[in-house]
Structure formats: C-alpha cells, structure tokens
Amino acid sequence: MCWSLKELIPPEPVQKQPVVAWGSAESGGKEGAKIPDLSSEGWSSSQKNPLDVYENLGTPQGLWTGGEMANPVPSACCMVLAAVVVVYAQRHSQPDSHTQFERVGADVTMKCGSMDWDAAVTWTVNGTDIDESHLNGSYLILKNVDLSQSGQYSCYEGSAWHLKYQTTLKVGTPPREPVLMCRSNNYPKGFYCSWHLPTPTYIPNTFNISVIHGTKEMVCEKDAVPKNRCHIRYLQLFSTVKYKVTLTVTNALGKNYTTVTFDEFAIVKPDPPESVVAKPVPNNPRRLEVSWQNPSSWPDPESFPLKFFLRYRPLILDQWQHVELSDGTSHTITDAYAGKEYIIQVAAKDNDIGTWSDWSVAVHATPWTEEPKHLTTEAQITETTSASTSSFMAPPTTKICDKGAVVGSGAVAVCWTAGLVVAAYSVLFI
C-alpha cells in the first residue's frame, strides 16, 4: 500500500514527535518501546489495544513502533512514488524568468537555456509558435527587431514540450537629451522643475535631478502627480548666486543628461489670471466691462503686486488690441464695435521681475445693443388706408334703389342720385 504525497512530506518538527519504524503488528514491539501518548489528541486511555489506537488514527496495518523488521512492500512503493514526484517536478518546474532589452534595429540571438545547439526545440512568442526559418539549430535568431517583436519568448524541448527557457524581450531606444524647465509661479516661496523626453523610449526610464546653489546642494521634493516634477524651496531671497540644475535619464539601453543655469529672478512667471468675466455695459453700444482675479498660486499679491496685460478683438478680425494695466483687476473697453462679438484674454506678471504668464482662458462678450423698435412701412400705411376706406363705404342695398318700389323712368334717375350722394359722403372721410 502507498500513501499520498502529503503523507510522504515530513511534517514541521514538533516536540515529542514519535519515532516511526516499519514492523509487524503480530510480532509486537521491542521491549521498552511505548505507544505514543495520544491523550492530547482526544484519545481515551481506556483504548488499551494498539491496533484500536492505530485504527482510529487511520494508520495502515504494518506500521508499528519499535518493530525489528521493515515490510519491503510499502517501502518499495513509496520509493517509486518519490521518484515519480521528483521527475514530475523536474519536468514541470518553471525556469527563472528573464528580461532582455534590445535596441530597435538590432539583431537578437536567444539560446534555449543549457540545451545543445543541435537539440530539437520549439520556440513560441506570447503563446504562438515561431516559424522554423528563424531558428539556427536550437538558437532563435531575430533580425532587425522592431517594437512589434516585444513579448514573452519560450523554448520547449522536443515533442514533450518541456519548458527549458523563458525570457521577456523589450525592444526600445536609449534616451535622448531630456527637456528641462524651471519656473517660480509662487514667488517668493520657491520654484519647481519639470522635465520630459523629446521622444519615447518604449522601455522604463529613471530620472535623477540635482540642484546646486553656489556650493550647496538643495533638496528637490518630487511631486506625486505629475511624476515628472519636483519643488525646491528658497533658502535665501534676493540672491545673486546662480542655480544649477542637472537632470540625468537612464534606461537599460543608455543614459543622457541636460543642465540649466539661471538667476532667481529670471524664472519668475505667474500662472494666468483666473475667473475672467466680460459683460456689456447697459446703454453703451461700444463698451465692455472686463474683470478677473489674481492667480490663486501667487501667495502674496500685497507685497509682490502683479500687473496685467489685456488683449481683445472682434471675431471677424485677426488683429488684437492690447492694454497694459499697472494695477487693479478690471478694465472697461471703450472702442468696441457695436453689435460684434469679442474674444478677450488676460496675462499677469510681477511688477519688477520675471516674465509674463500664459494667457488666461478666453471669454466672449458682445456690447449692448438697443432693442429694435416696430417701424410702419409705406406699404403698411397704404394697406391701412385702404382698409379704413372700405370700412366707411356703405355696401349696396336694395333699399336705396329698389326697382320694385320705383316705377318708370324716374327710377333710374333716383338710383343715380343715390349713388352720387353715397360717393360724395365717402370722399369727405378720406
């Protein structure tokens, strides 16, 4: 009889573990051999018969403590099972995973682990078989690799598909010189530096930045978001000593760096003004009222006031008109075209140092226009006159010229006379 693999694996060492030997239940144990104390396992001491104890434990017959002879049948069975387990583990164990970086356009050769050159192997990429035309013996040859050939490559031995080697190929490029920019948008608190690569590398990159002020190296605290930015706090204001910032980028295929040097005042650049609003001025067809707020990132506008630059134009023209304002956060445009829609933006700058901010978000507005009045046209007057005349015209009636009531030649004369009277009456009201 054989047991499961779980029963073959030795348990974790514990105190007072009973020694197990192979023997015969009928022959009894060696003198001095004792049945282990199982009271802690919930077994009653009234179970005197060892066979009863081991039957409750599920121990097969033939196992005994203190026996003098070992039963060869279960021993041989377990040895065979152990051998099978070892072979299975060898065939199905996963090899160490590797990552291989290669440049775009390079020729790549992969070996199938420790397999001989003439061994029969099969290569796959991302689970798909690779054509044998790419093989040189057991070696995989990839010519002029490109980005599409990145993936997981696996090598299997023979028809049994025994995995012998596995690697992840990542095709990319070494980094070019990074783009570095430093700016103070919250002067005088400090400044920040941000960076990016001019072209992607398609593989992971590591950035390292150093900031030196004179002979002292300063700490650049990296932001969580965005990841390509860090902040430096000013330790000394109004310093004439230049700052030197060096950024180094490294990946598995190479490295590059860039350096910028600047004065404290040169990098001061506020954020654009916020909450820009433009609206018409009532009863003024050529005016627009524009207002805005200081950027929220500017910490002390009282001590470090900002000046502003306003630009505006009608949508029908491409040329901007500009107004520079030394103080205040509002302005009235007085030369707008009546009835034309305008686009308006504002920029900000420290009064004495630095450069202008970017333009604010554009807003649109149209000057006030008078409500149109209802005008009466000539055609409408003619039509109204005709309608009035018709209202005063008495409609013909048989009571004025009743042939039944007027007899003879005098009937015609009376009829004509009545018609002339009515016509004359109507003319008086025209």
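The values are calculated or read from the model by the stated rules, or taken from the named source; none is laboratory data. Computed from a predicted structure; not experimentally measured. Using ideal geometry, Cβ is built from the backbone for each residue, glycine included, and neighbour counts are taken over all protein chains shown. Surface accessibility is based on the protein's heavy atoms, side chains included, excluding ligands, DNA and RNA. Shrake-Rupley method; radii C 1.70, N 1.55, O 1.52, S 1.80 Å.
Sort through K227, K222, K255 and tell me the only one that's basic (K, R), open to solvent by 70 Å² or more (accessible area, probe 1.4 Å), under 28 Å from T168 (Cα atoms) and under 23 Å from the mean Cα position of the chain (by Cα). So that I can check it myself, show each step before the final result.
Details: K222 fails: under 28 Å from T168 (Cα atoms); K255 fails: under 23 Å from the mean Cα position of the chain (by Cα).
From the options K227, K222, K255, the qualifying one is K227.
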query: For the range 173-211, what are the residues that are crowded, with 18+ Cβ neighbours inside 10 Å and among the small types (G, A, S)?
result: S184
query: Taking only pairs six or more apart or across chains, which ones have beta-carbon atoms under 9 Å, a first residue in the range 143-157 that is at pLDDT 95 or above, and a second residue that is part of a helix (DSSP H, G or I) and open to solvent by 70 Å² or more (accessible area, probe 1.4 Å)?
result: K143/H134
- request: Pick out the one residue from V225, V219, V249, V281 that is β-branched (V, I, T) and closer than 26 Å to I353 by Cβ.
  value: V219
- request: Taking E302 as the residue in question, decide whether it is modelled with pLDDT of 95 or more, over 17 Å from T366 (Cα atoms), among the acidic types (D, E) and surrounded by fewer than 16 Cβ atoms within 10 Å (Cβ to Cβ).
  value: no
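Return the residues of the range 106-152 that are outside any loop (DSSP other than H, G, I, E, B), among the hydroxyl-bearing types (S, T, Y) and closer than 20 Å to L163 by Cβ; say none if nothing qualifies. It would help to see each step written out before you state the result.
Taking the range 106-152 as the starting set, the residues that turn out to be outside any loop (DSSP other than H, G, I, E, B) are 108-110, 121-125, 128-129, 132-136, 139-142, 147-149, 151-152.
Then keep just the ones that are among the hydroxyl-bearing types (S, T, Y); that gives 109, 122, 124, 128, 133, 139, 148.
Answer for the range 106-152, where residues must be outside any loop (DSSP other than H, G, I, E, B), among the hydroxyl-bearing types (S, T, Y) and closer than 20 Å to L163 by Cβ: T109, T122, T124, T128, Y139.
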task: Would you please list the contacts, defined by Cβ atoms under 7 Å and residues six or more apart or on different chains, that run from a residue in the range 328-339 that is under 11 Å from R287 (Cβ atoms) and part of a loop (DSSP other than H, G, I, E, B) to a residue that is of a type in the set (S, T, N, Q) and open to solvent by 40 Å² or more (accessible area, probe 1.4 Å)?
output: A338/T369
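Name the one entry in V276, V290 that is surrounded by 15 or more Cβ atoms within 10 Å (Cβ to Cβ) and in contact with a His (Cβ under 7 Å, 6 or more places away or on another chain).
Details: V276 fails: in contact with a His (Cβ under 7 Å, 6 or more places away or on another chain).
Result of the check over V276, V290: V290.
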task: Check whether at least one residue in the range 112-133 is within 30 Å of T199 (Cα to Cα) and surrounded by fewer than 12 Cβ atoms within 10 Å (Cβ to Cβ), and report yes or no.
output: yes
query: Among the residues of the range 305-327, which ones are open to solvent by less than 60 Å² (accessible area, probe 1.4 Å), in contact (Cβ under 8 Å) with a residue 24 or more places away in the chain and out of contact with any Asp or Glu (no Cβ under 9 Å at 6 or more places or on another chain)?
result: R311, Y312, R313
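Looking at this structure, is P204 over 30 Å from L306 (Cβ atoms) and either free of Cβ contacts under 8 Å to residues at least 40 places away in the same chain or assigned by the TED database to the domain that holds K111 (or both)? Can you show your working first?
Values: over 30 Å from L306 (Cβ atoms): yes; either free of Cβ contacts under 8 Å to residues at least 40 places away in the same chain or assigned by the TED database to the domain that holds K111 (or both): no.
Judged against the criteria, P204 is not a match.
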M79 being over 30 Å from I203 (Cβ atoms), part of a helix (DSSP H, G or I), open to solvent by 40 Å² or more (accessible area, probe 1.4 Å) and modelled with pLDDT under 95: yes
task: Can you confirm whether the range 362-375 contains a residue that is modelled with pLDDT under 95, among the aliphatic types (A, V, I, L, M) and open to solvent by 50 Å² or more (accessible area, probe 1.4 Å)?
output: yes
- prompt: Does the range 337-347 contain at least one residue that is exposed (fewer than 12 other Cβ atoms within 10 Å of the Cβ) and on the phi < 0 side of the Ramachandran plot?
  reply: no
